[in-house]
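Notes follow the structure.
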Amino acid sequence: MKFHRSFCLPARLHLIFMLAGGLPFAFCLLLFSCGAPPENTEKKFFRYNESGDITSLDPASAKRTENIWAVNQMFNGLVQLNDNLDVVPCIAKSWEISDSGRVYTFHLRNDVFFHDHPLFANGKGRKVVAQDFVLSFFRLMDMDEEQSAKYLFSNIARDDRSDNLGFTAPDDSTFVIYLQNPFPPFLNILTMQYCSVIPNEIVENYGSDFRRNPVGTGPFMFKAWEEGVKLVLAKNENYFEKDGDNKLPYLDGITVNFIKDKQNAFIDFEKGDADMLSGADMVNIDLIIDKEGKLKPEYTGKFKMQTGSYLKTDYLGFLVDMDSSIVKKSPLRIKEVREAIGYAIDREKIVKHLRNSIGNAATQGFIPKGMPSFDGSLKGFTYDPDKSRELLRKAGYPGGKGIEEITLNITEQYLELSQFIEHQLEEVGIPVKIYLNRTIVQTEIIANAQVNFFRKSWVADYADAENFFACFYSKNLSPKGPNYTHFKNKKFDALFEKSLNESDNAKRFEIYNELDQILIDEAPVVPLFYDQVFRLVSNKIENFTLNPMNLLNLKRVKKK
């Protein structure tokens, strides 16, 4: 058993904090001394643990959840999502869409300022203007290493309409984006942290080191970061958004710790040294909640548990490219075998017994519960071992006779889940071998189509099902695109392209349901469960809401 050990932060972090223009020195000593700040301090800091690593505070690198959460506190974009997944104003107070969905014109607020920084005149943050968005978006498109961001802007039209630029700023308060083709989810893309506005002169000064010296417009400002130890953000006193007549944010700041061991992280939380723990995989759920997903009696009232829809689907994937040598010789090339796998798995047991009811059994399609277009009436894979055996017989493997052993590629985190799946498949006659890969290796071999059976998950980049269906569009084959199964289906492609030209949500959602049905019928993937946001929250925290994007929003949070 590992025991929690308190430790003091390196002395150089005190210096970094002060050089960053931090809080008064006496408070810095309190903040960075061993243990938590005294309870009687007037400063209200929200403290959470990040078991993963934050690799960059630059919005252009906001690909990982850890990075996204930190970036979201310090930066803003044109628009943002509310907790209901509606696109609402942010720096843009209004907008119009014209030219049959190919031109987006945004009208900016005139009271948004970058954070104070010594490189600005008199050290005061200057006002954000439309040209800042032009330069911010050009930077995204020109960054070779950030393929995810570039992929999102692949539809930008550099043609005569925009003087071959794609983005224009007719005046300081007007920003215009030109698209090659209509794309209804485009506003959702603009809510992503990639699309935050940044001050070009600050970026030019720091170069690649902007990742450690972020300057944005958000409710909190960067103060100090000792990588892998602690990140500190302080309240932006000049933030533009309000809660009625009240200035935001309510908190004085945020501190992030990086404790890897989940037992130690929970001990810190119990002691009151953290205000939140996030993720069912980041705590020992068997000790904290029962199989019905309720807090155990010994923890009732000690803290709050929050759960809600999360736009994330965990699934088993199959490489279905018949030109691949590993597909040609595998029984998984046969659709009925893939379907048999789908019907052999009891998802309800997975969710209840392996996840303590955190999540929902994926008995519909690939689109997760919580997505606006989710259709609960779709009939996906359910637990039906008799049907599974019948499908095996139809595929030429009665009772599993003659079927070759298949290898399921996983990472260690999902070993227990995979062993359960292995047992259930063998019960219907499908022999399975589990192969453990390091996470980086698993990612690489799947992207390069080197394995034909794997466990994976897909998390929404933005709140539109197009993001999920793009994983099966034939023009998005990995490694350049997200089609890891190398699924190719002419009807699917035609419907997918049709959805991109349909601006009416109701009609587009009907197309989405057809697309999901094709995935059920052809089985390039077998969905397992739709994940849920899971948080343990201190009783001192108020106004802390959930959203299906699992985006951390702290600007309206209060602390007693």
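Just so it is clear, none of the values below were taken in a lab; they were calculated from the coordinates. The structure displayed is predicted, hence computed values, not measured ones. Backbone-built Cβ (ideal geometry, glycine too); neighbour counts: all protein chains shown.
Once the C-beta distance of Y206 and K124 is scaled by a Förster radius of 22 Å, the resulting FRET efficiency is 0.75 to the nearest 0.05.
The protection proxy used here, the mean number of other Cβ atoms lying within 10 Å of each residue, ranks peptides 455-468, 124-137, 369-382 as follows, highest first: 455-468, 124-137, 369-382. Full extension of the segment from D111 to E237, taken as 0.36 nm per residue of separation minus the current Cα-Cα distance, would add 44.0 nm. A cut-off of 5 Å between modelled amide H atoms, ignoring neighbours fewer than 5 places along the same chain, links V128 with V112, F113, F114. If you take the alpha carbon atoms of the chain and fit the smallest convex hull around them, that volume is 160 Å³ per residue.
In plain terms, the bigger the Kirkwood radius, the slower the diffusion; for the stretch 167-292, with that radius from Cα pairs, at 20 °C and 1.002 mPa s, Stokes-Einstein puts D at 114 µm²/s.
Okay, helix-only estimate at 222 nm for the chain: each DSSP H run of n ≥ 4 adds -39500 (n - 2.57), divide by all residues, round to 500 deg cm²/dmol; what do you get? Taken over the chain, the calculation gives -7500 deg cm²/dmol.
Using the Karplus relation 6.51 cos²θ - 1.76 cosθ + 1.60 with θ = phi - 60°, the per-residue 3J(HN,Hα) values for the stretch 485-492 come to 7, 6, 5, 9, 8, 4, 5, 4 Hz, with x marking Gly and Pro. Cross-linked pairs K230/K555; K349/K456; K230/K296; K63/K302; K329/K456: Cα-Cα separations exceed 29 Å for K230/K296; K63/K302. When a/c reaches 1.5 or more, the comparison of a/b and b/c decides; with that in mind, is the stretch 425-560 rounded, prolate or oblate per its Cα gyration tensor? The shape class here is oblate.
Considering only Y435, F454, A470, and ranking their Cα positions along the charge dipole of the stretch 358-490 that arises from unit charges at the beta-carbon of Lys, Arg, Asp and Glu, the one farthest toward the positive end is A470. Rounded to two decimals, the Cα-based Rg/Rh of the stretch 309-532, with Kirkwood Rh, is 0.94. Which links in K379/K401; K304/K507; K352/K507 stretch past 32 Å when you go from one Cα to the other? Too far apart for the 32 Å limit: K304/K507; K352/K507. Placing unit charges on the Cβ atoms only, positive for Lys and Arg and negative for Asp and Glu, gives the stretch 343-420 a dipole magnitude near 240 debye about its Cα centre. Classify the stretch 367-469 from the C-alpha gyration tensor, please: rounded if a/c falls under 1.5, else prolate or oblate depending on whether a/b exceeds b/c. It comes out oblate by the Cα gyration axes.
Dividing the Cα radius of gyration of the stretch 160-238 by 2.2 N^0.38 Å, with N the residue count, gives 1.44.
Charged side chains reduced to their Cβ positions (Lys and Arg at +1, Asp and Glu at -1) give the stretch 309-532 a dipole of some 380 debye around its Cα centre.
Using only side-chain charges placed at the Cβ, +1 for Lys and Arg and -1 for Asp and Glu, the dipole size of the chain relative to its Cα centre rounds to 980 debye.
Taking a straight line from the alpha carbon of K490, these lysines sit under 16 Å away, with near neighbours fewer than eight places off in the same chain left out: K475, K498. When the P(r) of the stretch 79-201 is calculated, the portion above 23 Å amounts to 31% of the C-alpha pairs.
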